[in-house]
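Novice: Provided herewith is a single structure, encoded as structure tokens, for subsequent inquiry.
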Amino acid sequence: MRMYDIIQKKRDGGELSEAEIRWFIEKYVQGEIPDYQVAALCMAIYFRGMNVEETAALTFAVRDSGDCLDFSEIHGLRVDKHSTGGVGDKTSLVVTPIVASLGVKVAKMSGRGLGHTGGTIDKLEAIPGFRIDLPVDEFKEIVNRVGIAIVGQNAELAPADKLLYALRDVTATVDSLPLIVSSIMGKKLAADDDCIVLDVKTGSGSFMKTLEKSRELAERMVAIGKRAGKRMRALITDMDIPLGFAIGNSLEVVEAVETLKGNGPADLTELCIALAAHILNLAEKGDYETCEKLAKRAIADGSGLRTFADMVEAQGGDKNWILHPENFPTAKFSYSVKAKESGYITHVDTESYGVASLLLGAGRNTKEDVIDPTAGIYLRAKTGDFVNEGDEIAVLYSEKQSGFAAAAEKLLAATEICKEAPEKQPLILDIVE
Ligand code: URA
């Protein structure tokens, strides 16, 4: 087989066979196919798409590109939660300790920021000392002892996704349905979890901009997960508005901690409780209403926060930073973004908000970029709020001042202000079983 022929076939709209898909994944992981050819194939897939069978074959090839974990030594039902990616989406940091505190085991593999979206691993790395690369035995031991561990993708687990993820991030090939499905489900299926709840984002800050496309993404992932014998559920949730007020790694960890303490923003808290309740329900902890009450109680009595702090400590981080988030350093420089006119914020282009945070250093523009954990944006006003001309709508943070002007410009251009108040949109738009 030749990579050239595979690229050409997909470029011309052909259907790739399972053998071709398995071959290129295997050879890429072995270092026998260069990045530029795989980037070209990703672009062809981006434009031509993949049918259900090709998507399933790609997903299973990604899963089989490395070891598949055996979690049989972890006692009890194992659950996982994964978001398709958004701006200000720190739900994993809140939801997973809540469900772990209620006796459901969370053995989770997370990703780094991708395109304009943030990633759980980058956020966790904002906690000094936190180790995201635990050996498998230590990972399982922590899940058994603490109830939860979150690691990054190591070289052994779904290595094809690790390579593809970094390549797509810098070649404008992230927002492709089959590539998202195979990336998320490839690594989810390599881990030995029983239940998976997906948070499929929709709207201007997500990779799928329309409800229709997001539903298709959710249905395909749920179907592939079920084919592999998992209990699956997907929530389709709004990403037309950034979640919470914080965008950027340490800012988001602090906001997640505040949410676990019961002081979180209303939208973030609502979504975290819903996601936790769906996970608990799928794990047979009771009907949805009971599970919702359990999740709320884990916030009210502090058990979710304690579990998060215990996980941080078990993974080498300083627990005191979680219990006293004022320890997180703030960036050396800040910059105030002011409204240019008076009126209601009727719409924001949330992807641009994500890009603005990248310009400040919160994400990567090339595979080699190093993240500034303190960089990001703290929103002072969101969609639906009334602002007067000159009111502060956001504060930008960074260790260097060079990105402020461009980030502020991007933010202002992405913020629509009108005289009429917008209609409030629901946060949870659909559920796919
Ligand atoms: N999250 C992933 O893990 N992969 C994607 O492609 C998009 C979001």
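Novice: With a cap of 13 neighbouring Cβ atoms within 10 Å, and only residues DSSP puts in a loop, list the GluC sites (Glu not before Pro) found in the stretch 256-297. Can you show the working numbers first?
Specialist: Numbers: sites: 258, 270, 284, 289, 292; in loops: 284.
The qualifying sites are 284.
Novice: Which one of 348, 396, 374 has its Cα pushed farthest toward the positive end of the charge dipole of the stretch 332-418, where Lys and Arg give +1 and Asp and Glu give -1 at the Cβ?
Specialist: My answer, from the dipole projection, is 374.
Novice: Also, I was wondering about something else. Compare the Cα positions of 307, 236, 427 along the charge dipole of the chain (+1 at Cβ of Lys, Arg; -1 at Cβ of Asp, Glu; about the Cα centre) and return the one farthest towards the positive end.
Specialist: 307
Novice: Roughly how many nanometres apart are two label points built 7 Å out from the Cα toward the Cβ at residue 341 and residue 297?
Specialist: Each label point lies 7 Å from its Cα, and together they span 5.2 nm.
Novice: Please grab the % of Cα pairs in the chain that end up more than 41 Å from each other. Display every interim value, and only then the final one.
Specialist: Numbers: 11303 of 93528 pairs.
When all Cα pairs of the chain are counted, 12 percent exceed 41 Å.
Novice: Hey, another quick one. Tell me the per residue accessible area of the stretch 78-325 using a 1.4 Å probe; a whole number in Å² is fine. All intermediate terms of the calculation are to be shown ahead of the outcome.
Specialist: Details: 7050 Å² over 248 residues.
So the stretch 78-325 comes to 28 Å² accessible per residue, rounded to a whole number.
Novice: So, one more: Using the Cα centre as the reference, give the magnitude of the dipole from point charges on the C-beta atoms of the stretch 3-49 (Lys, Arg: +1; Asp, Glu: -1; all else neutral), rounded to the nearest 20 debye. Mind dumping the intermediate values first?
Specialist: Details: 6 positive and 8 negative charges, 30 e Å.
Charge dipole of the stretch 3-49: 140 debye, to the nearest 20.
Novice: Would you be so kind as to identify which of 23, 42, 6 lies farthest towards the positive end of the dipole of the stretch 3-49, taking Lys and Arg as +1 and Asp and Glu as -1 on Cβ and the Cα centre as origin?
Specialist: Positive-end residue among those listed: 42.
Novice: If the only charges are +1 at each Lys and Arg Cβ and -1 at each Asp and Glu Cβ, what is the size of the charge dipole of the chain around the Cα centre, to the nearest 20 debye? If you can, show how the numbers build up before the last one.
Specialist: Numbers: 50 positive and 66 negative charges, 29 e Å.
Roughly 140 debye for the chain.
Novice: How would 163, 358, 58 line up by accessible area, probe 1.4 Å, largest first? Show your work: numbers first, answer last.
Specialist: Working: 163 65, 358 25, 58 0 Å².
Highest to lowest solvent-accessible surface, that is 163, 358, 58.
Novice: Just want to confirm a number: the relative contact order over the stretch 102-147, from Cα pairs under 8 angstrom separated by 6+ residues, in percent. Please list the in-between numbers first.
Specialist: Details: 31 pairs, mean separation 18.1, N = 46.
For the stretch 102-147, the relative contact order is 39 percent.
Novice: Which value, in debye to the nearest 20, describes the size of the charge dipole of the stretch 252-373 about its Cα centre when Lys and Arg Cβ atoms bear +1, Asp and Glu Cβ atoms bear -1, and nothing else is charged? Provide the component values of the computation, followed by the final result.
Specialist: Details: 12 positive and 20 negative charges, 45 e Å.
For the stretch 252-373, the charge dipole is close to 220 debye.
Novice: Let me ask something additional. Taking the Cβ of residue 386 as the center, what net charge do the other residues with Cβ under 12 Å away carry, scoring Lys and Arg +1 and Asp and Glu -1? Walk me through the numbers before you get to the answer.
Specialist: Values: positive: 382, 419; negative: 341, 385, 389, 391, 420.
Neighbourhood net charge equals -3.
Novice: May I pose another question? Rounded to the nearest 10 Å², what accessible area does residue 335 have for a 1.4 Å probe in the complete protein model?
Specialist: It works out to around 90 Å².
Novice: What are the equivalent ellipsoid semi-axes of the stretch 1-122, built from the alpha-carbon gyration tensor (square roots of five times its eigenvalues), in whole angstrom, biggest first?
Specialist: 33, 18, 13
Novice: If the elastic network links every pair of Cα atoms under 10 Å, which of 105, 293, 226 fluctuates the most in the Gaussian network model of the chain?
Specialist: Judging by the Gaussian network model, the answer is 293.
Novice: A further question on this structure: Where Lys and Arg each count +1 and Asp and Glu each count -1, what net charge lies around residue 62 among other residues with Cβ under 9 Å from its Cβ?
Specialist: Numbers: positive: 63, 187; negative: 64, 161.
Cβ neighbours under 9 Å give a net charge of 0.
Novice: Amide H to amide H, which residues 5 or more places from residue 105 or on other chains are under 5 Å from it, using H placed in the peptide plane?
Specialist: 77, 79
Novice: Give me the lysines in straight-line cross-link reach of residue 162: C-alpha distance below 19 Å, same-chain residues under 8 apart excluded.
Specialist: In chain and number order, the partners are 27, 81, 108, 123, 187, 188, 367.
Novice: What Kirkwood hydrodynamic radius, in Å, does the stretch 78-325 give when the mean of 1/r is taken over all pairs of distinct Cα atoms and then inverted? Display every interim value, and only then the final one.
Specialist: Details: mean 1/r = 0.0567 Å⁻¹.
About 17.6 Å, per the Kirkwood formula over Cα pairs.
Novice: Using a 1.4 Å probe and ignoring any ligands, DNA or RNA, find the accessible area of residue 321 and quote it in Å² to the nearest 10.
Specialist: Rounded to the nearest 10, the figure is 50 Å².
Novice: Please work out the Cα center distance from the stretch 217-274 to the stretch 1-70, rounded to the nearest Å.
Specialist: Cα centres, the stretch 217-274 to the stretch 1-70: 29 Å.
Novice: If you take the square roots of the eigenvalues of the alpha-carbon gyration tensor of the stretch 296-433 and sort them as a ≥ b ≥ c, do you get rounded (a/c under 1.5), prolate (a/b over b/c) or oblate?
Specialist: Working: a/c = 1.94, a/b = 1.29, b/c = 1.50.
Verdict is oblate for the stretch 296-433.
The values are calculated or read from the model by the stated rules, or taken from the named source; none is laboratory data. Just so we're clear, the structure is a prediction, and the values are computed from it rather than from any experiment. Here the Cβ is made from the backbone with ideal geometry for all residues, glycine too, and neighbour counts use every protein chain on show. Remember, those area values only see protein heavy atoms, side chains included, never the ligands or the DNA or RNA. Shrake-Rupley method; radii C 1.70, N 1.55, O 1.52, S 1.80 Å.
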